[in-house]
Amino acid sequence: GNSVTQMEGPVTLSEEAFLTINCTYTATGYPSLFWYVQYPGEGLQLLLKATKADDKGSNKGFEATYRKETTSFHLEKGSVQVSDSAVYFCALRKPYTGNQFYFGTGTSLTVIP
Amino acid sequence: EAQVTQNPRYLITVTGKKLTVTCSQNMNHEYMSWYRQDPGLGLRQIYYSMNVEVTDKGDVPEGYKVSRKEKRNFPLILESPSPNQTSLYFCASTRAGESYTGELFFGEGSRLTVL
């Protein structure tokens, strides 16, 4: 079946540290891949996306590359800020089969000054 | 402004008192969905709809009903709420189609407490 597995949290980093949140997926075919961010008390917002293999999504200093050979879409940022503290969700969209979305369980990130 | 609007944002109710959480989108999206978010469990899909009059169960449909009489609206109905339905609820929408690859757009969430 289709599923998304992401790194368990919580993750705590110091400001300006390097961030990686791992995400791997299971799906047949060619899903689209997404990272969503949920700031405290808010809904989910799209952070970045990639729709085909080797695509790199990027936004607000975050990046993720769609790696079909390793079925991964790891989120990275070179220098985190306190304002990046949030919960991050990896997700996939499976076309041609009802357009269903599958979410990881979320990774909570806290950045300390 | 393109948006998904949920109401109410916060609600405290008592066991057994029927309630409806409304969801409306202004983007002419075919696909709409309801999720609940609980600590340690991430997002779980309750129901979804591919278009008007077409709805289907997600992973956790028990205790919920939905309807899709108009394209823009997708209300979530709790006929007889119980404390285990205390949760944060999100409505979401997107375009649907065989090859569409775009993202889900989320509402701001409705925090429901059932006493």
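The values are calculated or read from the model by the stated rules, or taken from the named source; none is laboratory data. Since this is a predicted model, take the numbers as computed values, not measurements. Counting neighbours? That spans all protein chains shown, and the Cβs are built from the backbone with ideal geometry, glycine included. Note: areas computed on protein heavy atoms with side chains; ligands, DNA, RNA excluded. Shrake-Rupley method; radii C 1.70, N 1.55, O 1.52, S 1.80 Å.
Points worth noting:
- Flag: B:L88 matches the condition of being open to solvent by 10 Å² or more (accessible area, probe 1.4 Å), touching a residue at least 12 places away in the same chain (Cβ under 8 Å) and more than 17 Å from B:A2 (Cβ to Cβ).
- Remark: pairs (first residue in the range B:93-115, over 19 Å from B:M27 (Cβ atoms) and among the aliphatic types (A, V, I, L, M); second residue open to solvent by less than 30 Å² (accessible area, probe 1.4 Å) and part of a loop (DSSP other than H, G, I, E, B); Cβ separation under 8 Å; 6+ apart in sequence or on different chains) = B:L112/B:P81; B:V114/B:P81.
- Scanning the range B:1-35 for residues that are part of a loop (DSSP other than H, G, I, E, B) and not charged (D, E, K, R) yields B:A2, B:Q3, B:P8, B:V14, B:T15, B:G16, B:N26, B:M27, B:N28, B:H29.
- Looking only at residues of the range A:15-35 that are more than 13 Å from chain B (Cβ to nearest Cβ) and more than 12 Å from A:T71 (Cβ to Cβ), we find that the one that is most open to solvent (accessible area, probe 1.4 Å) is A:E16.
- So B:G97, is it open to solvent by less than 40 Å² (accessible area, probe 1.4 Å), within 14 Å of chain A (Cβ to nearest Cβ), more than 22 Å from A:L47 (Cβ to Cβ) and touching a Phe, Trp or Tyr at 6+ places or on another chain (Cβ under 8 Å): no
- Of the residues making up the range A:46-96, those that are under 14 Å from the mean Cα position of the chain (by Cα), free of Cβ contacts under 8 Å to residues at least 40 places away in the same chain and open to solvent by 70 Å² or more (accessible area, probe 1.4 Å) number 6.
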